[in-house]
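Let me begin by presenting the structure, written as structure tokens, before commenting on it.
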Amino acid sequence: MNNNEVTKSSTNTDNVPLGNVYVMTHSFFSDVVRIGCTPEDPINYAKSLSVKTIGEYSVAFSLQCSNPCKVKKQIKAYLKAQEYTKEFYQVPAEVAAKLLRRETLKIPSLTAL
């Protein structure tokens, strides 16, 4: 995977018809999670992000679904008050995962990790 693919996955996500919404943790931040969407496998995506940073990302929860970016936007709307910076939220990973599970009642999901 080259840098353009990673950038495309993380920034041009509004038109992803099928993909994954993820909650990632980082080894340096115990109370901050990253919430996003990607057409890639979220575990592979976490590995590609870890190569570019100090420390490691790991997937706490992911959900494969249709229109994952719409799901991500809904989750982010719920967490707006707890936004730390852009895609990072100061919320326990379990809370973010619970919100994603709740959204599965509203969207057609394919699998959950």
Completion exercise
Of the residues in segment 79-99, those that are at pLDDT below 80 and either within 18 Å of Gln64 (Cα to Cα) or not charged (D, E, K, R) (or both) come to Leu79, Ala81, Gln82, Tyr84, Thr85
Practice task
Could you please find all residues in segment 36-58 being aliphatic (A, V, I, L, M) and either part of a helix (DSSP H, G or I) or at pLDDT below 90 (or both)?
Solution key: Ile43, Ala46, Leu49, Val51
Problem - Gly36 vs. criteria within 19 Å of Arg101 (Cβ to Cβ) and in contact (Cβ under 8 Å) with a residue 24 or more places away in the chain - result: yes
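The values are calculated or read from the model by the stated rules, or taken from the named source; none is laboratory data. Note that this is a predicted model, so its numbers are computed, not measured. Ideal geometry is used to build each Cβ from the backbone, glycine not excepted, and the neighbour counts take in all protein chains shown.
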